[in-house]
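Readers should treat all values here as calculations from the given coordinates under stated rules, not as data from a laboratory. The shown structure was predicted, so the numbers you read here are calculated from the model rather than taken from an experiment. Because the Cβ atoms are built from the backbone with ideal geometry, glycine has one as well, and the counts that use them run over all protein chains shown.
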Amino acid sequence: MSVHRRDADATREKILAAAVVEFTEHGYARAGVRQIAERAGVTAMMINRYFGSKQGLFAEAVHRSFAPPTIVGDERRGLPDAFGHALAERTAPGAERLDPFLLMLRSAADPEAAEIVREGIETHVGARFAALLDGPDAEVRAQLGLALAAGTWLLRAVIGTGALAGAGNDRLADLLSDMLQPLVEP
């Protein structure tokens, strides 16, 4: 690989990393190309050169955020328990914030961004979850499981409702696992 190609790849990576942070912190509508460029140490023209537009950059940021497994892993065996424990741990007070959820939450009001987020969810976590489910309506059941995760995340980690925020991780994981079980094995 040439030095020029490595520099181009490094620049693209810096822009994408800065975009994930800006979109996660501010949402699609409030994140500006200039702020992303400043965070990445490049010009706004460089963003257009590498990604075509703010929309193109957002699509790449969504892909980057939703592609890795977070709550839904790759194992069918023990799925409800693994899901429950991962969700309880990731939403616990003091836990690291999950970029995909915050990116989704802060961008959902914008119709253009919502469409990109929907595609990201369906392509990555939704498809991964549905592939782990046997039986009819796997996509519907997977998305109901994701709704359970999103609602838990919102109420426990973002809003901080008393009962969920104060629940012990093990107890919450058990309850979440029990709720997910009928979706996993209908």
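A few remarks follow.
- Placing pseudo-labels 7 Å out from each Cα toward the beta carbon at Asp7 and Gln181 gives an inter-label distance of 6.0 nm.
- For Rg and Dmax of the Cα atoms in Å, the value calculated from this model appears in (i) 17.0, 63; (ii) 17.4, 55; (iii) 18.2, 56 under label (iii).
- Taking Cα atoms only, the orientation of helix 111-121 departs from the longest principal axis of the chain by about 60 degrees.
- Think of it as helices only: each DSSP H run of n ≥ 4 in the chain is worth -39500 (n - 2.57), and spread over all residues that comes to -22000 deg cm²/dmol at 222 nm.
- As a proxy for reagent exposure, ranking Arg34, Arg39 by other Cβ atoms within 10 Å from fewest up yields Arg34, Arg39.
- Beyond 15 Å, the tail of the calculated P(r) for segment 99-182 holds 64 percent of the Cα pairs.
- Segment 124-186 and segment 52-79: distance between their alpha carbon centers, rounded to Å: 17 Å
- Each of Ala147 and Asp74 was given a label point 7 Å from its Cα along the Cα-to-Cβ line. The distance between the two points is 2.9 nm.
- Nearest 10 degrees, 0 to 90: helix 54-66 Cα axis against the chain principal axis: 40 degrees
- Acute angle (nearest 10 degrees) that the helix 3-30 long axis makes with the longest principal axis of the chain, alpha-carbon atoms: 60 degrees
- Label-to-label distance, Glu38 versus Leu105, with points set 7 angstrom from Cα along the beta-carbon direction: 2.5 nm.
- Taken over the alpha carbons of segment 3-52 as equal point scatterers, the Debye sum produces base-10 log I(q)/I(0) values at 0.21, 0.26, 0.29 Å⁻¹ of -0.65, -0.93, -1.10.
- Candidates His26, His63, His85, ranked by Gaussian network fluctuation over the chain, Cα under 10 Å, top entry: His26
- Each Lys and Arg Cβ is given +1 and each Asp and Glu Cβ -1; about its Cα centre, the chain then shows a dipole of about 700 debye.
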